[in-house]
1. Of the residues B:54, B:96, which is under 19 Å from the mean Cα position of the chain (by Cα) and either closer than 18 Å to residue A:95 by Cα or away from chain A (no Cβ under 14 Å) (or both)?
2. Out of all the residues in the stretch B:61-80, is one or more touching a residue at least 40 places away in the same chain (Cβ under 8 Å), within 14 Å of chain A (Cβ to nearest Cβ) and surrounded by fewer than 20 Cβ atoms within 10 Å (Cβ to Cβ)?
3. With the condition kept exactly as written, say whether any residue in the stretch B:132-140 is within 14 Å of chain A (Cβ to nearest Cβ) and either more than 30 Å from residue A:130 (Cβ to Cβ) or crowded, with 17+ Cβ neighbours inside 10 Å (or both).
4. Return the residues of the stretch A:229-243 that are in a loop (DSSP other than H, G, I, E, B) and buried (at least 18 other Cβ atoms within 10 Å of the Cβ); say none if nothing qualifies.
5. Among the helices (runs of 4 or more DSSP H) confined wholly to the stretch A:1-103, which include 1 or more residues that are within 29 Å of residue B:79 (Cβ to Cβ)?
6. Answer yes or no: is there a residue in the stretch B:37-45 that is in contact (Cβ under 8 Å) with a residue 12 or more places away in the chain and either within 14 Å of chain A (Cβ to nearest Cβ) or on the phi > 0 side of the Ramachandran plot (or both).
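Here, each number is a calculation from the coordinates, and none is a lab measurement. Keep in mind it's a predicted model, so treat the numbers as computed, not measured. Backbone-built Cβ (ideal geometry, glycine too); neighbour counts: all protein chains shown.
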């Protein structure tokens, strides 16, 4: 069960609400308790209704913080609101977040991420920065200690770790699972001595680093290369951090495959995730099918939500035929 | 006779002090404009080279600058770090307004500073640097004007105070 929350279910509130203008903060705080408890996203779009996402569906919010049925009855976000949010999420220092803005998100203390949309400014065909930022997706990150408890027996065998690929559609808990796998491998658990782990956290999602310090429990033997491109990070880790396991998310570029193979040759185990709804979907993607056909990964875990977010639907062996899991497990 | 001498000394003394007080405003204006330029140059360096968060950069510059200009930066930094729902421009404006009694700059210079505040913390490194440089140029021009005024009026106010006092003393006594 993915239930053992660290601290209170509302521990996200302080860092998240600090980024909102005082009146929007009051609206969010006034939301009905069940919605607030499972809040996933706060959507702020200039000149459009304030919305929140909770338990897999979205709601309009009015001035009093009540959920309403229509956009007309809801609070309409102003230009001043978005201007204020941009300053607050960057601690009044947009200049210090050039790279993050270029990538379209800023990570808050606590590992929560604020995605941004605006007008892209291009230079030599690449995004130089975002201008007129007018839309924010404040995504609340929740740490689920114990999320990997049931996965560990498939990922490890005695003191060995298998090369593992986690396949999942978005918002199905793959980052949560990766984070807890990192913690368990790093700290160790009955029957497994902790090993050195490096997390290559290109999008600051796994460890939720704030100014380089992990805000999530990622284990005592874990080093985090925060904001580092995966392929570069894997090579850096191999050279200088002597890990037994490298954990990274959302592999999908050709250079990632090269780096993964490099790690393999160095005797380092890789645990990675990729976007795919299931194995057949992954096999239709040139990059993933290439990796899978090389039988690099010894375990392929497919996540879904048949029993709720974070359900392990299927676990395959490297030959992609042997199913190690009889029924979905959560 | 003795009373007359004491009274006229008091009149001359007071009048001279008033003259010095008027002259002091010109001296302080020049000094504050120079300090502002120094502080803004440091802010540019904190932004460009160290990407220091604005509240921290302002507090640091405030401490090292001292005086009323230091207070302007420190107080803005304090407002940004404590009262999280102000825009940087609002915090800067509030600090300027709060220190109006101690600042010796004129309306034109206030406008320059307000305009600078409107852009504070609101752009990338390049943009912030550009605004700081523009403000520095404008403040430098104001400093030249202030120096001219100082040369013109400092001695005049001081002499006027002294001579006015003597004249008053002669007339009254």
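1. Step by step, each of B:54, B:96 is checked, and only B:96 is under 19 Å from the mean Cα position of the chain (by Cα) and either closer than 18 Å to residue A:95 by Cα or away from chain A (no Cβ under 14 Å) (or both).
2. No: the stretch B:61-80 contains no residue that is touching a residue at least 40 places away in the same chain (Cβ under 8 Å), within 14 Å of chain A (Cβ to nearest Cβ) and surrounded by fewer than 20 Cβ atoms within 10 Å (Cβ to Cβ).
3. Looking through the stretch B:132-140, at least one residue is within 14 Å of chain A (Cβ to nearest Cβ) and either more than 30 Å from residue A:130 (Cβ to Cβ) or crowded, with 17+ Cβ neighbours inside 10 Å (or both).
4. Correct list: A:243 only.
5. Numbers: elements: A:13-17, A:22-29, A:33-37, A:79-89, A:98-103.
Output list reads A:13-17, A:22-29, A:79-89, A:98-103.
6. So far as the stretch B:37-45 goes, yes, one or more of its residues are in contact (Cβ under 8 Å) with a residue 12 or more places away in the chain and either within 14 Å of chain A (Cβ to nearest Cβ) or on the phi > 0 side of the Ramachandran plot (or both).
Yes or no, residue by residue, for (1) in contact with a strand residue (DSSP E or B) (Cβ under 6 Å, 6 or more places away or on another chain); (2) touching a residue at least 40 places away in the same chain (Cβ under 8 Å):
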{"site": "A:208", "(1), (2)": "no, yes"}
{"site": "A:213", "(1), (2)": "no, no"}
{"site": "A:217", "(1), (2)": "no, yes"}
{"site": "A:223", "(1), (2)": "yes, no"}
{"site": "A:270", "(1), (2)": "yes, yes"}
{"site": "A:273", "(1), (2)": "yes, yes"}
{"site": "A:276", "(1), (2)": "yes, yes"}
